[in-house]
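Following: one structure in structure tokens, then a few remarks.
The values are calculated or read from the model by the stated rules, or taken from the named source; none is laboratory data. It should be emphasised that the depicted structure is a prediction, and the values quoted were computed from it without experimental measurement. Every residue, glycine among them, receives a Cβ derived from its backbone with ideal geometry; neighbour counts consider all protein chains shown. The area values use the complete protein model at the heavy-atom level, side chains included, leaving out ligands, DNA and RNA. Shrake-Rupley method; radii C 1.70, N 1.55, O 1.52, S 1.80 Å.
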Amino acid sequence: MDDPSCDPRALAATYRRFGLVNRLVSAWGHVYRTRIRPELRALERPARVLDLGCGGGDVVARLADLAARDGFDVVWTGADPDTRAIAAARRRARPHVRFVARDSRDLLTAGERYDLVVSNHVLHHLDPSSLRRFADDSFALSRGPVLHADIARGRVAYALYAAGIAPLSAGTFLRVDGLRSIRRSYRADELAAALGAPWHVEQPAPFRLLAVADGRAPRA
């Protein structure tokens, strides 16, 4: 999927099916209930939330739906530097959700700040220096929690994904890119060491990691 010359039809199909795959394996429903909903409730005012590296936009769209059902007033932003991803994400248009073709440095330069910053499946794509920069930028963008979710590397996760993704993978990159992502991902102790203080790494569900810290942007 990272290859600019990859098959655009397979890429579009992959982005469409990510919504179902992430609902099955990503544990964002749990993270919303235990982390995001309490934060939105505690603000007692309209909120701004950023999904950094949003890909096809399914995670931020799902979070927006959950928050709307709970009656929260939130403006959601999905940001990704890949214009192909943003084109796919904009097909998930919803009230109060916008998608922008920007990276974290672009957003900082523009003076954007948020009450909460999240990401999904970004960390394993980054080399050590890019990981540190991404983490630091997410600190600077957030007035509140920063929540970076990713896969926990392991043989069982690899085997289960290889078998379970077969019915959904035809005409997509879901199998080859998913297995590659698991191989690239961290164990909890590795991610904690790579990020360093003040990050705390949790395992909210089997085969999942959640790196948690508080942002450094001034509170509104």
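All but one of (1) more than 18 Å from the chain's Cα centre (by Cα); (2) part of a helix (DSSP H, G or I); (3) at pLDDT 95 or above hold for Leu66; state the number of the condition that does not hold.
(1)
Any idea which of Arg41, Arg17 is basic (Lys, Arg), surrounded by fewer than 14 Cβ atoms within 10 Å (Cβ to Cβ) and either over 21 Å from Ile182 (Cβ atoms) or modelled with pLDDT under 95 (or both)?
Arg41
Could you list, ordered by first residue, the pairs with Cβ atoms under 7 Å in which the first is in the stretch 184-205 and within 16 Å of His124 (Cα to Cα) and part of a helix (DSSP H, G or I) and the second is open to solvent by 70 Å² or more (accessible area, probe 1.4 Å) and of a type in the set (S, T, N, Q), at least 6 apart or interchain?
Ala188/Gln203
Do we have Gly111 as surrounded by fewer than 19 Cβ atoms within 10 Å (Cβ to Cβ), more than 15 Å from the chain's Cα centre (by Cα) and in contact (Cβ under 8 Å) with a residue 60 or more places away in the chain here?
no
Every residue, every condition in (1) over 15 Å from the mean Cα position of the chain (by Cα); (2) closer than 17 Å to Cys54 by Cα; (3) in a loop (DSSP other than H, G, I, E, B); (4) not charged (D, E, K, R), yes or no:
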site: Phe99; (1), (2), (3), (4): no, yes, no, yes
site: Arg105; (1), (2), (3), (4): yes, yes, no, no
site: Leu131; (1), (2), (3), (4): no, yes, no, yes
site: Ala140; (1), (2), (3), (4): yes, no, no, yes
site: His148; (1), (2), (3), (4): no, yes, no, yes
site: Ile151; (1), (2), (3), (4): no, yes, no, yes
site: Leu160; (1), (2), (3), (4): yes, no, no, yes
site: Val176; (1), (2), (3), (4): yes, no, no, yes
site: Ser181; (1), (2), (3), (4): no, yes, no, yes
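Ala149 - would you say it is farther than 25 Å from Ala79 by Cα and open to solvent by less than 20 Å² (accessible area, probe 1.4 Å)?
Criteria not met by Ala149.
Considering only residues that are more than 26 Å from Arg37 (Cβ to Cβ), open to solvent by 50 Å² or more (accessible area, probe 1.4 Å) and outside any helix (DSSP H, G or I), which ones fall in the stretch 69-87?
The answer is Pro81, and nothing else.
Does Arg90 qualify as being open to solvent by 40 Å² or more (accessible area, probe 1.4 Å), in contact with a Leu (Cβ under 7 Å, 6 or more places away or on another chain) and within 28 Å of Asp65 (Cβ to Cβ)?
no
Out of the residues in the stretch 194-220 that are under 16 Å from Phe134 (Cβ atoms) and small (Gly, Ala, Ser), state the one that is surrounded by the fewest Cβ atoms within 10 Å (Cβ to Cβ).
Among them, the one singled out is Gly196.
Have a look at Ser138, Ser130, Ser119, Ser104 and point out the one that is crowded, with 19+ Cβ neighbours inside 10 Å, free of Cβ contacts under 8 Å to residues at least 60 places away in the same chain, on the phi < 0 side of the Ramachandran plot and polar (S, T, N, Q).
Just a single option satisfies the conditions, and that option is Ser104.
Among the candidates Arg187, Arg153, which residue alone is modelled with pLDDT of 95 or more, in contact with a Phe, Trp or Tyr (Cβ under 7 Å, 6 or more places away or on another chain) and among the basic types (Lys, Arg)?
Arg153
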